[in-house]
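The values are calculated or read from the model by the stated rules, or taken from the named source; none is laboratory data. Everything numeric in this text was worked out from a predicted model, so none of it was measured. With ideal geometry, Cβ positions are generated from the backbone for all residues, glycine too; neighbour counts draw on all protein chains shown. In case anyone asks, the SASA skips ligands and DNA or RNA and just uses the protein heavy atoms, side chains included. Shrake-Rupley method; radii C 1.70, N 1.55, O 1.52, S 1.80 Å.
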Amino acid sequence: MAQVTVSINNQSYTITCDDGQEDRLLELASYFDTQVQRIATNVGAIADSRLMLLAGLTICDELREAQMRIEELETASGMTSEDGAARVLNAATQKVREVTQRLEESSSNT
């Protein structure tokens, strides 16, 4: 297992990940931090936990929109939910859950 230190809202978190997944985790953390910074700019001073919650919900909304769009495309093309696009999306969903869990574990250890 590898460890990666990421920065979210100017706070460092060390997260464990599978070997070879370090760059992906850094990419995801950067995306998450971008969402956090955007929300912080828009809403002003709020508690970190609320800021993280809003960013997580924003990303969940993006994911759900993508899922719905894939379902629409599958229906229009006659594909089933077991076809390639759905498998890729399900794998991405699982990765998001894993990263969220690691962030939660890391924040509870600090």
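General observations
- Some residue of the range 62-84 being among the polar types (S, T, N, Q), under 22 Å from Glu22 (Cβ atoms), modelled with pLDDT under 85 and not in a helix (DSSP H, G or I): no
- Residue tally, condition part of a loop (DSSP other than H, G, I, E, B) and closer than 29 Å to Ala86 by Cβ, over the range 17-61: 4
- Of all the numbered requirements in (1) out of contact with any helix residue (DSSP H, G or I) (no Cβ under 8 Å at 6 or more places or on another chain); (2) open to solvent by 40 Å² or more (accessible area, probe 1.4 Å); (3) within 29 Å of Ala2 (Cβ to Cβ), Thr41 misses one, and that requirement is (3).
- Of all residues in the range 61-69, at least one satisfies being surrounded by fewer than 16 Cβ atoms within 10 Å (Cβ to Cβ) and in contact with a Ser or Thr (Cβ under 7 Å, 6 or more places away or on another chain).
- The residues listed here are Ile46, Ile15; of these, the one that is touching a residue at least 60 places away in the same chain (Cβ under 8 Å) and open to solvent by less than 60 Å² (accessible area, probe 1.4 Å) is Ile15.
- Residue within the range 93-106 that is more than 17 Å from Glu27 (Cα to Cα), modelled with pLDDT of 80 or more and surrounded by 11 or more Cβ atoms within 10 Å (Cβ to Cβ) present: no
- When Glu74, Glu22, Glu27 are screened for being without any contact (Cβ under 8 Å) to a residue 24 or more places away in the chain, within 15 Å of Glu98 (Cα to Cα) and surrounded by 14 or more Cβ atoms within 10 Å (Cβ to Cβ), only Glu22 passes.
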